[in-house]
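This report concerns only the one structure given below.
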C-alpha cells in the first residue's frame, strides 16, 4: 500500500463522515495486514505512545480549567477586570484582549475562551455603541491566544508528536502569546480612537456598565464557563482580594516550568490541588460541581488522548513508507530559505485548517514537516508555534471554522455578519503569522534563555 493509496483511503473515509480516529485505526490495520506485519503492532504502537508521563499533563490542564469555571473563580477574574476597565469608552474591546490572555493561562482553549466571555463582551460592546459584529470578530481573533500561552493542549500534543521537550514548547508560547495580545490591543485602541474622533461625546451608557448575569450555554444544573452569577456591587478591594489567589496560578505555572521546579504534568496536578484547596477555603466546594468538572475533563481528555494514539499509527506508516523523505526531497527545489518553507506550509495549514480540526492537523503533519524544518535550521519551538497559530486561524475561517459557530452561538449574529466581521482581523492575524515565521527569536528567546 503506497503513500498515495493511504492518503486516498483517508480522504474517502472523511468524505463518508467516518470519525478521524476510526479512519486512522482502520487504515493502520489494513496497511499492516497487506504489508505482512503482525496486527499486534497496532495496539502496541498506541500503547507505546500513551506510555509517557507527559500525557498526564493533558487531563490535568483540562481538569484545572473546568474546576476554575465550576467553582466560580473564572467569574471572579472577569468581575475584577471589568471593574478596572469599565470607566472609559471602549473598555469592552480592551477587556476582550486582556481576558483572552488571562484565560489562556487557565484553559488553553480558544472555544473555552469564547464560551467564557463571548456573550458578555459582545453585548457590552453593543451597549457602548460599538458595532456588535466588530466585537464578534475581535472575540474570535483574541481567542487565538489561548492555545499558545501555557498551559496549552495543542503545544503539548505537538511536543509529543514531534518527540521534543514539552517544557520547552510550553515556555516557548509565552512571548508569542503576549506579542499577539499586544498587537490586538494596539489595533483595537486605534479603532477606539477613530470612533471617539467621530463621536466626541461617546461614553459608556449606564446599562453597558452593568454585569451580565450569565453567559452562553448556562442552564440550571450546569453553569457555563465563566458564569458571572450576579451583579451585586462589592468593594473593589474585596473583588481584588478574591481574584489574586486565582490569578497567581498563571505565573506559578509558567514559573514552575521555567525554573525547573516541576514538569508540565506535575504543574497541572499541583494546580488542581491548589484550586480544590481554594474552593474549600472560599466555601464553594460541592460534590455536584466537582463531578461536573470531572466528567467534562474525562470527555475532553479522552478525545485528545485517543487521537494521539491513533495518530501514532499514521506516523509509523509514514516512517515505513518514507513519506517524510519524499516530502523533504520535494522541498529541495525551493532552496534553503526558511521563509519560503514557512510561506508554503502557512498556505497549506490555513487551507487544511478550513476542513480539519487543529489537533488532527498537528498530529498528522508534524512528523512530515519536522525533518524538513530541522534540515533548514528551524527549531522545533518555532515550527510548533507557527503550526498551532495556523490552526487557530483555520478555526476562524469558513466553511468549518469552529470559532465562527461558537461566536454565532453566543452573539446571536447571522453567519454572514460574522464572516464580514472577520475580514479586518485576518490582516492582523497575518501580520502576527508573518512575525512568528520571520523572527525566530519570538518563540526561541525565552526557552533558549532558560535552558542555555
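Candidates 298, 250: the one that is within 20 Å of residue 56 (Cβ to Cβ) and under 20 Å from the mean Cα position of the chain (by Cα) is 298. Residue 438 meets all of the listed conditions (1) more than 23 Å from residue 188 (Cβ to Cβ); (2) at pLDDT 90 or above; (3) under 21 Å from the mean Cα position of the chain (by Cα) but one, namely (3).
Cβ separations smaller than 6 Å between residues 6+ apart or across chains give the following pairs from segment 72-83 residues that are more than 17 Å from residue 100 (Cβ to Cβ) to residues that are modelled with pLDDT under 80 and surrounded by fewer than 22 Cβ atoms within 10 Å (Cβ to Cβ): 83/236. Selection of segment 365-383 for residues being closer than 19 Å to residue 144 by Cβ and out of contact with any helix residue (DSSP H, G or I) (no Cβ under 7 Å at 6 or more places or on another chain) yields only 365. With respect to (1) part of a helix (DSSP H, G or I); (2) over 24 Å from the mean Cα position of the chain (by Cα); (3) in contact (Cβ under 8 Å) with a residue 12 or more places away in the chain, the lone exception for residue 280 is condition (3). Take residue 407 and tell me if it is part of a helix (DSSP H, G or I) and either at pLDDT 90 or above or in contact with a strand residue (DSSP E or B) (Cβ under 7 Å, 6 or more places away or on another chain) (or both). No, not satisfied. Restricted to helices (runs of 4 or more DSSP H) entirely inside segment 7-87, those with at least 2 residues that are modelled with pLDDT of 85 or more and surrounded by fewer than 20 Cβ atoms within 10 Å (Cβ to Cβ) are 20-34, 41-50.
Here segment 384-400 is the region considered, the condition is being crowded, with 18+ Cβ neighbours inside 10 Å and either without any contact (Cβ under 8 Å) to a residue 60 or more places away in the chain or in contact with a strand residue (DSSP E or B) (Cβ under 9 Å, 6 or more places away or on another chain) (or both), and the residue that is farthest from residue 151 (Cα to Cα) is 397.
For segment 132-148, taking the residues that are under 14 Å from residue 433 (Cβ atoms) and assigned to a helix (DSSP H, G or I), the one that is modelled with the highest pLDDT is identified as 141. Residue pairs whose Cβ atoms lie under 7 Å apart, separated by 6 or more positions or on different chains, with the first residue in segment 313-339 and more than 30 Å from residue 21 (Cβ to Cβ) and the second in a helix (DSSP H, G or I) and at pLDDT 70 or above, are 334/340; 339/437; 339/438. Selection of segment 118-131 for residues being assigned to a helix (DSSP H, G or I) and in contact (Cβ under 8 Å) with a residue 40 or more places away in the chain yields 118, 119, 120, 122, 123, 124, 127, 128.
Could you pull out the residue among 303, 328 that is more than 22 Å from the chain's Cα centre (by Cα), at pLDDT below 85 and either part of a helix (DSSP H, G or I) or closer than 20 Å to residue 169 by Cβ (or both)?
Details: 303 fails: more than 22 Å from the chain's Cα centre (by Cα).
Criteria check complete, one pass: 328.
The values are calculated or read from the model by the stated rules, or taken from the named source; none is laboratory data. Small disclaimer: the values here were computed from a predicted structure and weren't measured. Counting neighbours? That spans all protein chains shown, and the Cβs are built from the backbone with ideal geometry, glycine included.
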